[in-house]
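First up is the structure itself, then whatever we jot down about it.
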């Protein structure tokens with residue numbers, strides 16, 4: 001009688017098969033991790049670019065409208081320079097704003113820019129009846145919004161939103177009281193037709209503040225200091241003049257016809273496989289090398305200040 005040998009797997013063969021499976025699994029896992037890492041890096045780069053471009057568009061839009069309905073040298077109806085109470089800071093300091101573009105250039109640190117312009121309300125506010133030269137009150141089409149927060153439209157001093165301008169008049173008026181009837185601190189210089197739009201005088205400063213080892217990009221509108229982004233490492237401004245020259249600090253702010261914005265935006269996520277060894281030149285200032293694991297993106301844009309030449 002013949003007995004057939006039973007088929008089976010020896011311990012050695014099983015161990016070899018397991019070793020091969022482990023090696024193949026490790027290779028596949030490494031490929032997946034590498035692929036995932038590349039995807040995350042690409043997503044991070046796209047996020048960085050989107051954030052940087054969004055910030056640049058915001059700054060460009062605001063700066064482009066500088067001097068709107070006020071000209072390059074804002075003034076009150078009595079001829080005195082515009083002064084606003086800076087109540088976003090402790091102590092409520094009164095700040096003179098003789099020009100619609102006020103540059104503060106620093107050779108070894110970030111710049112600061114303040115702009116002044118007139119802004120429309122939403123919905124718009126118009127005169128319900130004509131205003132006559134020599135009068136100091138105006139009847140409005142609706143009451144100004146006085147609720148707390150950024151939606152406030154017109155309030156008497158010491159608020160920084162205590163000045164208005166009438167479309168096409170290019171002078172501002174301080175407000176003594178603001179309701180359906182607005183009482184002014186100065187008499188009207190000329191007759192104002194019914195349906196003339198009434199706008200608010202606004203000032204905004206753009207600056208970087210240190211924060212937790214990084215910097216925050218802020219927009220200070222003299223009533224609040226809003227955070228635009230938590231990871232901006234550089235901010236510089238240059239100024240295009242009438243003669244075509246580009247300067248860091250204009251001697252005559254009324255000669256400015258454009259502003260070149262330079263931003264250095266940092267990624268929100270670190271990449272352990274990347275070291276930032278670059279030196280970035282923005283305006284007249286250099287940034288880096290940071291020697292950290294964050295990617296950065298420099299952006300530059302020249303913005304025409306379309307209203308600044310109007311007097």
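Every read-out reported here was derived from the displayed coordinates using simple, explicitly stated rules and does not represent laboratory data. Since we're looking at a predicted model, the values are computed, not measured. Every residue, glycine as well, gets a Cβ built from its backbone with ideal geometry; the counts of neighbours run over all protein chains shown.
The distance between label points at residue 291 and residue 83 comes to 5.0 nm (points 7 Å beyond Cα on the Cα→Cβ vector). In terms of packing, defined here as the mean over residues of other Cβ atoms within 10 angstrom, the peptides 293-301, 14-22 line up highest first as 293-301, 14-22. Were the residues from residue 96 through residue 275 laid out at 0.36 nm apart, the gain over their Cα-Cα distance would be 60.0 nm.
Overall form of the stretch 223-311: prolate. Here a/c, set by the Cα gyration tensor axes a ≥ b ≥ c, is 1.5 or more, and a/b is the larger of a/b and b/c.
Peptides 154-164, 125-135 ranked from most to least packed, by the mean per-residue count of other Cβ atoms within 10 Å: 154-164, 125-135.
To the nearest ten degrees, helix 11-64 and the longest principal axis of the Cα atoms of the chain are 10 degrees apart. Once C-alpha pairs closer than 8 Å and six or more residues apart are averaged by separation and normalised to the residue number of the chain, the relative contact order reads 19 percent. With the cut-off at under 14 Å, measuring from each backbone N in the stretch 112-149 to a point 7 Å along the Cα-to-Cβ line of residue 306 picks out no residue.
Our helix-only sum for the chain, with -39,500 (n - 2.57) per DSSP H run of n ≥ 4 divided by its residues, gives a mean residue ellipticity at 222 nm of -6500 deg cm²/dmol. Given the alternatives (1) 69, 45, 39; (2) 131, 45, 35; (3) 66, 65, 34, Cα extents along the principal axes in Å as computed for this entry is given by (2).
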